[in-house]
Amino acid sequence: MTLYRDPADSRFRQYCETGDPDALGDVFDCTAGRLQRVAVWLTGNREDADDLLQRTFLKAIETRAQFRLGAC
């Protein structure tokens with residue numbers, strides 16, 4: 001059985017384990033559109049949504065060493 005059905009999941013795991021920037025880029029490409037829509041809904045405007053999306057990925061970069069498979 002495959003643990004990762006969404007390619008973004010396996011690429012994020014790879015990024016967290018190796019720091020591979022291409023893996024994180026793939027995660028961004030797979031998820032940014034959906035996350036942007038949620039961010040616009042949460043903030044009510046595009047500029048704040050852009051900032052929120054950026055902060056989300058910065059947090060992923062800053063905390064990648066804390067990633068634990070199955071923890072969420």
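Treating the angle as unsigned and between 0 and 90°, give the value, to the nearest 10°, between the Cα long axis of helix 7-18 and the longest Cα principal axis of the chain.
70 degrees
Quick one: longest stretch of the chain between exposed loop chymotrypsin sites (Phe, Trp or Tyr not before Pro), exposed meaning at most 16 other C-beta atoms within 10 Å and loop per DSSP? Display every interim value, and only then the final one.
Values: sites that count: 4, 67.
So the longest stretch without any such site is 5-66.
In µm²/s, what is D for the chain at 20 °C and 1.002 mPa s, where D = kT/(6 pi eta Rh) by Stokes-Einstein and Rh is the Kirkwood radius from Cα pairs? Present the calculation step by step, with values, prior to reporting the outcome.
On the way: Rh = 13.0 Å.
In µm²/s, the coefficient rounds to 165.
How far apart, in nm, are two points set 7 Å out from the Cα along the Cα-to-Cβ line at residue 57 and at residue 9?
Simple spin-label model gives 2.3 nm for this pair.
So if we plug the beta-carbon distance of residue 35 and residue 68 into 1/(1 + (r/R0)^6) with R0 = 22 Å, what FRET efficiency do we get, rounded to 0.05?
Values: r = 21 Å, r/R0 = 0.98.
So, using R0 = 22 Å, E works out to roughly 0.55.
Just to confirm the number: angle between the C-alpha axis of helix 21-43 and the first principal axis of the chain, 0 to 90 degrees, nearest 10?
40 degrees
We did not get these values from a lab; they are worked out from the coordinates using the rules stated. If you're wondering where the values come from, they're calculated on a predicted model, not measured in any experiment. Cβ coordinates were reconstructed from backbone atoms using ideal geometry, including for glycine residues, and neighbour counts include every protein chain displayed.
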